[in-house]
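Read through the structure below, which is laid out as structure tokens, and then see the notes.
The values are calculated or read from the model by the stated rules, or taken from the named source; none is laboratory data. Just so it is clear, the model here is predicted, and its values are computed rather than measured. FYI the Cβ positions are ideal-geometry reconstructions off the backbone, even for glycines, and counts take in every protein chain you see.
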Amino acid sequence: MSPDTGHLALRLAKQIEGSGPISVAEYMRAANSEYYGSRDPLGVDGDFITAPEISQMFGELIGMWLTDIWLRQNRPSDCHYVELGPGRGTLAADALRAMARFDFAPPVHFVETSGPLRTRQTANVPSAVFHNSISTLPTEGPLLVLANEFFDALPVRQLILTHAGWRERVVVRDRGTRFAAMPGSSAMDAVVPEAFRNAPVGSIFETAPDSAGIMYELAARLAAQGGVMLIIDYGYVKPGLGSTLQAVKGHEYADPFLDPGTCDLTAHVNFVELGNLARMRELHVAGPTAQGVWLSALGINQRAAALTQASPESADEIRAARDRLVKTDEMGGLFKVLAVHSPDWPAPEGFGVFPK
């Protein structure tokens, strides 16, 4: 246990002992703030790997996707490239390189609070302007917003059905650096959708108020300023019951209630809610669709063939990366893609025909 982690566990334990249990959302928020603020968690030597780190093809295709929309929108000169939680900046570097081939070089804005990650991002995209939140993003000019594995790391609120009714799931201290979740005392029946209120005892319903707030605000920005937002994450396309909270450490699943701040806590993204929030702002929605289907529609097979032709010695590596990104039993099926855009912008490619 590192000194920083011990400090977080001690702080949470003292808070719980002094003020009572905290919500799962508050626990997740504190744990991830410590986790991302103290390290670069990406790569083979880290805890997990994201699609941009697997292959340059991922970021390049996103760059071409953005360029296509920009060209069909008659090349607006005042666009801003915005990325939420941009990892090491790899996606942005690859996307911007592809966009530059068409003389498309918008200003870059990163919404990032992690010091270690900002250092890596600056090395990859020196021109990036950093923001602690979406509130300071430009208020004029269209926004091209990317959120790759961003929403899954935001806190979820969990409600659990007991014999006495729905209660918020809260975190209490167990022992040492271990905590435990249990039903709280406040009635939460009114928060649960009618369709789930008569579920079996022990059922868990999740909401993501932080995600909803960010999505609603960005949707307002897109409605007012124009532009498009691309969300890529793992999640579900039909609301349901069950805890999706999980922890990853050293590329393996871990106990989310042990040693807070030492592992990545995530939860599945509710794509239905994100799409509905965009519709509330009168934006148009495309998807969600599977990442593999979307990347294939954008031409990942052709890009892999071109890279293989240029570097035959890397053919196996390129093929393996492509398979990991598109196969249904890997990221291609687990991850979903959702796009929203202002009504006066063209429909994005890769989604087929969808109702507005």
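Of note:
- Restricting attention to region 282-306, the residues that are out of contact with any Gly (no Cβ under 7 Å at 6 or more places or on another chain), over 14 Å from residue 339 (Cβ atoms) and surrounded by 19 or more Cβ atoms within 10 Å (Cβ to Cβ) add up to 3.
- Residue match in region 109-125 (condition: surrounded by fewer than 20 Cβ atoms within 10 Å (Cβ to Cβ) and touching a Leu at 6+ places or on another chain (Cβ under 7 Å)): no
- Some residue of region 128-135 being farther than 20 Å from residue 193 by Cβ and touching a Phe, Trp or Tyr at 6+ places or on another chain (Cβ under 6 Å): yes
- Taking first residues from region 225-242 that are within 13 Å of residue 286 (Cα to Cα) and partners that are surrounded by fewer than 19 Cβ atoms within 10 Å (Cβ to Cβ), the Cβ contacts under 7 Å between residues at least 6 apart in sequence or on separate chains come to 237/272.
- Number of residues in region 131-158 that are under 30 Å from residue 180 (Cβ atoms) and of a type in the set (Asp, Glu) equals 2.
- Here residue 49 clears all of (1) of a type in the set (A, V, I, L, M); (2) crowded, with 17+ Cβ neighbours inside 10 Å; (3) at pLDDT below 95; (4) within 16 Å of the chain's Cα centre (by Cα) except the condition numbered (2).
- Region 208-245, subset β-branched (Val, Ile, Thr) and surrounded by 18 or more Cβ atoms within 10 Å (Cβ to Cβ), residue nearest to residue 340 (Cα to Cα): 228
- Odd one out for residue 98, checked against (1) part of a loop (DSSP other than H, G, I, E, B); (2) surrounded by 19 or more Cβ atoms within 10 Å (Cβ to Cβ): (1)
- If only residues of region 318-344 that are in contact with a Leu (Cβ under 8 Å, 6 or more places away or on another chain) and either within 12 Å of residue 57 (Cβ to Cβ) or not aliphatic (A, V, I, L, M) (or both) are counted, the one that is surrounded by the fewest Cβ atoms within 10 Å (Cβ to Cβ) is 343.
- Test set (1) within 22 Å of the chain's Cα centre (by Cα); (2) on the phi > 0 side of the Ramachandran plot; (3) among the basic types (Lys, Arg) - residue 75 fails condition number: (1)
- Which numbered condition residue 284 fails, given (1) more than 24 Å from residue 160 (Cβ to Cβ); (2) modelled with pLDDT of 95 or more; (3) under 19 Å from the mean Cα position of the chain (by Cα): (3)
- Criterion: under 30 Å from residue 30 (Cα atoms) and assigned to a loop (DSSP other than H, G, I, E, B) - qualifying residue of 275, 240: 240
- Pairing residues of region 311-326 that are touching a residue at least 12 places away in the same chain (Cβ under 8 Å) with residues that are among the aromatic types (Phe, Trp, Tyr), at Cβ distances under 8 Å and at least 6 apart in sequence or on separate chains, gives 325/58.
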